[in-house]
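What follows is a single structure, written as structure tokens, with notes after it.
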């Protein structure tokens with residue numbers, strides 16, 4: 001059954017890669033689930049529709065409260081929510097599944113586009129890159145980019161070959177991305193460039209077909225959230241507070257963490273990426289309009305970099321639409337180096353040592369919390385259990401004091417969801433208030449009534 005896609009040695013290599021990638025994604029996750037107010041907000045939104053046995057026409061509001069995601073993510077997640085009775089871990093387990101399927105899709109796509117060696121190395125990069133492991137553990141909705149972007153890449157490859165029947169499917173898949181984030185919008189420029197380069201094949205009606213595909217999965221979003229039309233030029237041309245220093249810092253973190261866990265090596269990681277990308281552009285500048293791979297890698301990475309620099313200090317996940325381009329770029333250069341394991345193995349060992357000591361993920365054996373970025377899920381869960389037990393079904397409301405409490409609802413949605421999930425009677429206007437005070441440095445929570 002597998003011989004069509006894998007040789008025996010390649011199958012063994014992929015199994016080892018998947019095993020390592022899965023281990024790094026689930027390591028101590030039961031204790032140290034990165035459960036924040038943001039994930040609580042997602043689950044509260046799902047609970048609202050699951051309890052009413054309906055599906056939303058639009059997704060949850062983004063960080064811009066007047067702008068919402070498309071609904072497709074919630075159409076997928078609400079049935080899962082019901083099947084697993086709203087368990088808070090459904091976001092992680094779905095994210096893990098999508099991430100692993102994404103690794104497989106990277107292999108299959110680039111085996112078709114390039115060759116098996118590059119495909120195997122691309123899968124390895126996708127499985128072991130710290131940035132992709134970290135994003136999986138965060139369990140946010142944009143993790144679906146890991147699965148959808150490789151598929152979009154393959155459809156663009158087919159369009160490059162002049163297979164016009166894939167125009168609407170490519171549009172549909174690109175349109176579905178609006179249900180997971182808006183950071184893929186610069187990739188629309190890749191599509192436009194492709195259609196222009198192949199203008200002897202694609203006429204005006206073909207542009208319309210692609211556009212129809214994009215619109216179909218977003219009809220309800222466009223109808224109910226016409227602010228999207230205003231948001232695009234606002235983000236592009238608003239030059240106030242671009243924060244060049246913050247942008248450089250985030251570029252360094254993203255490309256540095258693509259290779260290294262240790263933040264002391266992130267600047268080195270950025271230099272490595274820039275050197276590889278500059279060399280690739282120089283060597284393939286004459287192939288830009290002649291071959292798909294140089295066209296896709298150069299155009300997608302360049303447009304994503306330009307868009308994020310124009311955005312100013314973009315969140316890390318804004319870079320994820322270059323996921324496939326980045327993995328295959330590294331894989332191409334590794335494939336040209338005969339002794340690539342001599343580089344990869346030391347990097348992997350350094351990353352493993354850094355990962356095991358990363359304060360984001362675990363408590364040490366003495367029980368002292370080393371976490372400086374969050375209070376552990378187990379501690380949150382214990383606090384929510386105490387509140388529900390102490391309240392004895394009486395209506396309550398909560399207030400949170402701690403880092404990021406300047407966000408809406410004091411960034412307390414994770415506690416609100418846990419209380420509801422445990423059967424607590426949460427009422428926003430109740431005078432029976434429980435105040436949750438978090439100490440990130442000590443990893444402790446104090447609850448006062």
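The values are calculated or read from the model by the stated rules, or taken from the named source; none is laboratory data. Just so it is clear, the model here is predicted, and its values are computed rather than measured. No Cβ is skipped: glycine too gets one built from the backbone with ideal geometry, and neighbour counts run over all protein chains shown.
Looking only at the stretch 373-386, decide whether some residue is more than 26 Å from residue 136 (Cα to Cα), assigned by TED's automatic domain parsing to the domain that holds residue 415 and either at pLDDT 90 or above or assigned to a loop (DSSP other than H, G, I, E, B) (or both).
Keep residues of the stretch 373-386 that are more than 26 Å from residue 136 (Cα to Cα), which gives 385-386.
Now restrict to residues that are assigned by TED's automatic domain parsing to the domain that holds residue 415: 385-386.
Narrowing further to those that are either at pLDDT 90 or above or assigned to a loop (DSSP other than H, G, I, E, B) (or both): 385-386.
Yes, the stretch 373-386 has at least one match.
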Scope the stretch 21-37; condition in a helix (DSSP H, G or I) and closer than 20 Å to residue 99 by Cα; matching residues: 21, 22, 23, 24, 25, 26, 29, 30, 32
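Per-residue answers, yes or no, for (1) modelled with pLDDT under 95; (2) closer than 26 Å to residue 11 by Cβ; (3) in contact with a helix residue (DSSP H, G or I) (Cβ under 8 Å, 6 or more places away or on another chain):
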position: 104; (1), (2), (3): yes, yes, yes
position: 111; (1), (2), (3): yes, yes, yes
position: 120; (1), (2), (3): yes, yes, yes
position: 137; (1), (2), (3): yes, no, yes
position: 151; (1), (2), (3): no, yes, yes
position: 157; (1), (2), (3): no, yes, yes
position: 181; (1), (2), (3): yes, no, yes
position: 187; (1), (2), (3): yes, no, yes
List the residue pairs whose Cβ atoms are under 8 Å apart, where the first residue sits in the stretch 72-84 and is in the same structural domain as residue 172 (by TED's automatic domain parsing) and over 15 Å from residue 39 (Cβ atoms), the second is surrounded by fewer than 15 Cβ atoms within 10 Å (Cβ to Cβ) and at pLDDT below 95, and the two are 6 or more positions apart or on different chains. 75/55; 78/55
Top-ranked residue in the stretch 56-66 [being within 19 Å of the chain's Cα centre (by Cα) and touching a residue at least 40 places away in the same chain (Cβ under 8 Å); ranked as farthest from residue 41 (Cα to Cα)]: 64
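Being surrounded by fewer than 21 Cβ atoms within 10 Å (Cβ to Cβ) and under 16 Å from residue 150 (Cα atoms): is that true of residue 319 here? Write out each step before concluding.
Details: surrounded by fewer than 21 Cβ atoms within 10 Å (Cβ to Cβ): no; under 16 Å from residue 150 (Cα atoms): yes.
When the stated conditions are applied, residue 319 does not pass them.
Sort out which residues of the stretch 403-429 are on the phi > 0 side of the Ramachandran plot and surrounded by 16 or more Cβ atoms within 10 Å (Cβ to Cβ), and write them in order of number. Don't jump to the end; show me each part of the working.
At the first step, the residues of the stretch 403-429 found to be on the phi > 0 side of the Ramachandran plot are 404, 409-411, 423.
Across the stretch 403-429, the qualifying residues are 409, 410, 411.
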I'd like to verify a number: residues in the stretch 273-302 that are surrounded by 15 or more Cβ atoms within 10 Å (Cβ to Cβ) and modelled with pLDDT under 95, how many? 1
Which numbered condition trips up residue 252, out of (1) under 22 Å from residue 160 (Cα atoms); (2) part of a helix (DSSP H, G or I)? (1)
For the condition under 15 Å from residue 132 (Cα atoms) and not in a loop (DSSP other than H, G, I, E, B), what is the one hit in 305, 320? 320
Which numbered condition residue 189 misses (of (1) in contact (Cβ under 8 Å) with a residue 60 or more places away in the chain; (2) crowded, with 20+ Cβ neighbours inside 10 Å; (3) over 30 Å from residue 18 (Cα atoms)): (2)
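I'm checking my understanding of the structure. Among residues of the stretch 10-27 that are modelled with pLDDT under 85 and out of contact with any helix residue (DSSP H, G or I) (no Cβ under 8 Å at 6 or more places or on another chain), which one is surrounded by the most Cβ atoms within 10 Å (Cβ to Cβ)?
To start, the set of residues in the stretch 10-27 that are modelled with pLDDT under 85 comprises 10-14.
Narrowing the set further to residues that are out of contact with any helix residue (DSSP H, G or I) (no Cβ under 8 Å at 6 or more places or on another chain) leaves 11-12.
Numbers: 11: 13, 12: 11.
Ranking the candidates gives 11 first.
Quickly run through the stretch 406-425 and pick out the residues that are outside any helix (DSSP H, G or I) and either more than 30 Å from residue 82 (Cα to Cα) or at pLDDT 90 or above (or both). Walk me through it before giving the result.
Restricting attention to the stretch 406-425, the residues satisfying the condition of being outside any helix (DSSP H, G or I) are 406-407, 412, 422-425.
If the condition is that a residue be outside any helix (DSSP H, G or I) and either more than 30 Å from residue 82 (Cα to Cα) or at pLDDT 90 or above (or both), then 406, 412, 422, 423, 424, 425 are the ones that fit.
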Among the residues that make up the stretch 162-170, is at least one of them buried (at least 23 other Cβ atoms within 10 Å of the Cβ) and more than 23 Å from residue 76 (Cβ to Cβ)? yes
Just to be sure, is residue 183 farther than 19 Å from residue 325 by Cα, touching a residue at least 60 places away in the same chain (Cβ under 8 Å) and buried (at least 19 other Cβ atoms within 10 Å of the Cβ)? no
